[in-house]
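Trainee: Shown below is the structure under consideration.
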């Protein structure tokens, strides 16, 4: 491809709309353009990257026996009503009406459609397992779309659905996908980690997320420092055992102290000269059904996902000052479990092991001292509801947990019979018994992977593509566009590389070399080949990998061989 | 691929929902399933055909310098308001609102989006020509979706847009696309014809449609019997010169005759014992602005597309009885141009050459005789407004025109500055003068081509795929699923064919041979290889092309060579 013909308009300025580096670089290097908030056009360079990722995904799905299909983007509301999700899904679902006033949704996911498809055709255990997938635009009307391709309203997903007769079959399909996903992200040249994740309050059981590691990632991963152990989970899911209980500590009598204006754990700890670990933090939440008080140790954070799961609720929000006053009789900051009525009390196991703790007293400006769970208050539920932190022991092997940041690019999920039951997708087993089909669903964010790859692989000059997903592998740059000998040699080498099967761009624009070098770095071609005076006089050209920046000189006659070798080793 | 693993559920019955043969066969053979009216899921077989067509399209677009991009499916209303199409487009445009009540459309076409994209980046004549394309779902909320993939509400299109500095540049881009389209449909193995088509009342000039020839086609094509001439147009566009005017015929005095109850041309001709060619047919229409009377010779049909273009109107409907009564003073069937007031009179040139003609008199049950245009009535406009019929002379060479039926699968269109002007997409020429970019747009119905291929290539047993777009090339069928030797040989040959790069299915289902043969014909594999007793005993297998049904015996050792040769020749 000739740079003069490539539609890849680059920008000198960082666009104001772009908050994260992948968004900035995709705009600046001419990979994408914004059409509406959270809605993008992929320009030729962006399209080439997408198609490379898609092809890797396709090959790995096919390798595991996946069959590609394509379901509609516009989905009739009837199926969503049948599954019950039409009313539950909320404003993230794009909805529309056709000319006959029939309701449709733009698919954020296709469980309903595919379950309805399969229920009409699969009726015997002999027809399973089935793995069907598609690669397609998906829609989610985000409240706050941002970060470019990391959180768009229109995005490209691969979604695969597995259909098995039982949990054992599902386990096989699930593992196939675990392998496929691992291969996909490895082939894309990314550093990533599969982590245990939360499967939500309703339905499903096992689930793993695949995280591309990047400092800019919003997801926090906790993983075991011991690589042999391999434990890794996101911080919504990570769970560690309760530490040892100090066995014989004396329980002192319950007492009260004035703590004027001390509302936060930090304020109370400082005022009473105690450690936050001695405080029981009490936070009130409202769900669609009730008010709940969540108790964790003062140095811990509440994990709202775990708390939601414990309460089995769809909606969970911090209780407002009015509710806090109503339930506790005090202002925000003075709630405590002693004598607390009219709400469900959920305590983290760590809290139950505390001795002579400090809590709010449900009276303004007063805290309780020497509070002892069991003796001084009862709880409705003891559940792990806290965030695990780096440094805590691994739940599998006891080694230390480390923390990393990641971008979720894939998730595999055991659905079980959640959709097949409600939508009536059943099969007959050998004995003629009708059973629900056991399903799994497996997603990869294709456009998101493109952005995550950049978050992980860039420097101040631009993108550093892994070779496998680079839009082109090599750029050939004649240093002087006016030197005919240089240009002729560049053209010759360009054609030789094309013939050798190397995806090459020749930068034939009448620009200064400096401009071309800047654009080459910005766009992120894995190899840059410079044709200058030396190349002409000495028959040697400079090859510079974008990743290392270390220039190699190679004889022009060996160029193809050297380039192919370097690309293979990058 | 093994038939036992292929998700391709076939149906024995013709589905009631399917009116046309492609729809019936796509459903029966397991290529597609209906998800909602006019909205389909493509199963693995259908997906394979689609992807083959897409790949051919992609290669031919790339060959002409096209660059693939992907624009959003959800399009912000602002751009449609800017172009003026938001209000004009009508109920065929799927519209929706996001959570902030902003209007969006599901793209039926992308002129607005791409013009807005390019206007931001292209500002010099040096940057053009540019050819950008995408292959993507498109949406049209048809009043009456039907015929399966031939007229769906969600369908797959390739749309390419060209950007040039002037009409000469556009001509080059247009011809490139004409070549590309010809190559695409040829490579797909289809019999087709590019025809001149109508470019509509508003904007644009040249346009060609690419028609797949099929008896079930809704479009009528008129083409010259002389292949050297090559003239072909759809019947909306076809136009022939006016025949010779009889020069010296005597004009008789205008007269009137009673024609009780004679309202149609046929009734009047029969009653007055004249030929329909002697009658001037007068039809009243209403547009958004006026009432118009259209005059054609009695044996001709009015071409409403041509009439719309002549009147420059957006809406054209037959006038109702009330309007006819009001304007002519008579009932429907007795309108005529003599003394007609209060409406625009448009006459076909043929009418102006008529002598002593018969027309309605604007009085019930009376017709005028010896009517002579010019002498007895004036017209506001003389324009070709009639349908051309088979048998008329070719406008290019005078040979006879023949008629064929076709399915439109592609259209190429010169847009000129229609969108660039209104959306402000301009460039600077060498002299620094700002000019509108000159555009063209070029569409191929990818999913429609799949259906059209079947309309053209099928028999009572099923589909007869052209090799290039068949989902698989070969099916291998062991006659007896219980005969281990046959099965082993079939497996061996299946693997040998796969290794030779032949896309092969082995029908390893535990079914009778008859069932497998029926399904093979239904699905439409180009070659069927049967492994029976003879194959085992004599080392010869039967190869049967789906197209001819003529069985060839070939030595098993030569199988790959024979198969590849036959596939190449099909």
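Trainee: List the helices (runs of 4 or more DSSP H) inside region A:484-570, counting only whole elements, that have at least 2 residues being within 27 Å of residue A:188 (Cα to Cα).
Mentor: Where helices (runs of 4 or more DSSP H) fall fully within region A:484-570 and carry at least 2 residues being within 27 Å of residue A:188 (Cα to Cα), they are A:484-499, A:513-523, A:559-569.
Trainee: Tell me yes or no: at least one residue of region B:499-517 is crowded, with 21+ Cβ neighbours inside 10 Å, farther than 20 Å from residue B:11 by Cα, modelled with pLDDT of 95 or more and not assigned by TED's automatic domain parsing to the domain that holds residue B:25.
Mentor: Looking for residues that are crowded, with 21+ Cβ neighbours inside 10 Å, farther than 20 Å from residue B:11 by Cα, modelled with pLDDT of 95 or more and not assigned by TED's automatic domain parsing to the domain that holds residue B:25, one finds at least one in region B:499-517, hence yes.
Trainee: Please determine, by comparing only the residues of region B:315-330 that are touching a residue at least 40 places away in the same chain (Cβ under 8 Å) and within 38 Å of the chain's Cα centre (by Cα), which one is surrounded by the most Cβ atoms within 10 Å (Cβ to Cβ).
Mentor: Per the stated criteria, the residue is B:324.
One line per residue, one yes/no per condition, for (1) touching a strand residue (DSSP E or B) at 6+ places or on another chain (Cβ under 9 Å); (2) closer than 24 Å to residue B:436 by Cβ:
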{"residue": "B:80", "(1), (2)": "yes, yes"}
{"residue": "B:84", "(1), (2)": "no, yes"}
{"residue": "B:87", "(1), (2)": "no, yes"}
{"residue": "B:93", "(1), (2)": "yes, no"}
{"residue": "B:101", "(1), (2)": "no, no"}
{"residue": "B:106", "(1), (2)": "yes, no"}
{"residue": "B:109", "(1), (2)": "yes, yes"}
{"residue": "B:118", "(1), (2)": "yes, yes"}
{"residue": "B:128", "(1), (2)": "yes, yes"}
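Trainee: Kindly indicate whether residue B:11 is facing chain A (nearest Cβ under 8 Å) and farther than 25 Å from residue B:189 by Cα.
Mentor: For residue B:11, the condition - facing chain A (nearest Cβ under 8 Å) and farther than 25 Å from residue B:189 by Cα - is not met.
Trainee: Any idea which of (1) within 28 Å of residue B:46 (Cβ to Cβ); (2) modelled with pLDDT under 95; (3) away from chain B (no Cβ under 14 Å) is the one residue A:174 doesn't satisfy?
Mentor: (2)
Trainee: For residues that are touching a residue at least 24 places away in the same chain (Cβ under 8 Å) and within 14 Å of residue A:356 (Cβ to Cβ), tally how many sit in region A:251-292.
Mentor: Residues in region A:251-292 being touching a residue at least 24 places away in the same chain (Cβ under 8 Å) and within 14 Å of residue A:356 (Cβ to Cβ): 13 in total.
Condition check ((1) in contact with a strand residue (DSSP E or B) (Cβ under 8 Å, 6 or more places away or on another chain); (2) buried (at least 23 other Cβ atoms within 10 Å of the Cβ); (3) modelled with pLDDT of 95 or more) across all residues:
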site	(1), (2), (3)
A:392	yes, no, no
A:410	yes, yes, yes
A:418	yes, no, no
A:427	yes, yes, yes
A:433	no, no, yes
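Trainee: Take the conditions facing chain A (nearest Cβ under 9 Å) and out of contact with any strand residue (DSSP E or B) (no Cβ under 9 Å at 6 or more places or on another chain) and apply them to residue B:76. Does it pass?
Mentor: no
Trainee: Which one of these is in contact with a helix residue (DSSP H, G or I) (Cβ under 8 Å, 6 or more places away or on another chain), over 28 Å from residue A:250 (Cα atoms) and crowded, with 17+ Cβ neighbours inside 10 Å: A:311, A:284?
Mentor: Sole residue among the options that is in contact with a helix residue (DSSP H, G or I) (Cβ under 8 Å, 6 or more places away or on another chain), over 28 Å from residue A:250 (Cα atoms) and crowded, with 17+ Cβ neighbours inside 10 Å: A:284.
Residue-wise test of (1) crowded, with 21+ Cβ neighbours inside 10 Å; (2) touching a strand residue (DSSP E or B) at 6+ places or on another chain (Cβ under 9 Å); (3) within 21 Å of residue A:48 (Cβ to Cβ).
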{"position": "A:492", "(1), (2), (3)": "no, no, no"}
{"position": "A:525", "(1), (2), (3)": "yes, yes, yes"}
{"position": "A:532", "(1), (2), (3)": "no, yes, no"}
{"position": "A:541", "(1), (2), (3)": "yes, yes, no"}
{"position": "A:550", "(1), (2), (3)": "no, yes, no"}
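Trainee: Further question on the same structure: Among the residues of region B:109-143, which ones are facing chain A (nearest Cβ under 9 Å), under 20 Å from residue B:170 (Cα atoms) and within 20 Å of the chain's Cα centre (by Cα)?
Mentor: Scanning region B:109-143 gives a single hit, B:134.
Trainee: Any chance region A:60-73 includes a residue that's within 13 Å of chain B (Cβ to nearest Cβ), surrounded by 20 or more Cβ atoms within 10 Å (Cβ to Cβ) and either under 22 Å from the mean Cα position of the chain (by Cα) or free of Cβ contacts under 8 Å to residues at least 24 places away in the same chain (or both)?
Mentor: Yes, the conditions are met somewhere in region A:60-73.
Trainee: Which residue is nearest to residue A:157 (Cα to Cα), if the candidates are limited to region A:96-108 and must be within 9 Å of chain B (Cβ to nearest Cβ) and buried (at least 17 other Cβ atoms within 10 Å of the Cβ)?
Mentor: Checking each candidate, the answer is A:106.
Trainee: Given A:43, A:93, A:6, which one is within 13 Å of chain B (Cβ to nearest Cβ), farther than 30 Å from residue B:131 by Cα and buried (at least 17 other Cβ atoms within 10 Å of the Cβ)?
Mentor: Answer to the check: A:93.
Trainee: Moving to a separate point now. Residues of region B:373-383 being assigned to a loop (DSSP other than H, G, I, E, B) and touching a strand residue (DSSP E or B) at 6+ places or on another chain (Cβ under 7 Å), which ones?
Mentor: Within region B:373-383, B:379, B:380, B:383 meet the criteria.
Trainee: Criterion first (over 24 Å from the mean Cα position of the chain (by Cα) and either more than 11 Å from every other protein chain (Cβ to nearest Cβ) or surrounded by fewer than 20 Cβ atoms within 10 Å (Cβ to Cβ) (or both)) does residue B:30 satisfy it?
Mentor: no
The values are calculated or read from the model by the stated rules, or taken from the named source; none is laboratory data. Keep in mind that what you see is a predicted model, and the values were worked out from it rather than measured. Using ideal geometry, Cβ is built from the backbone for each residue, glycine included, and neighbour counts are taken over all protein chains shown.
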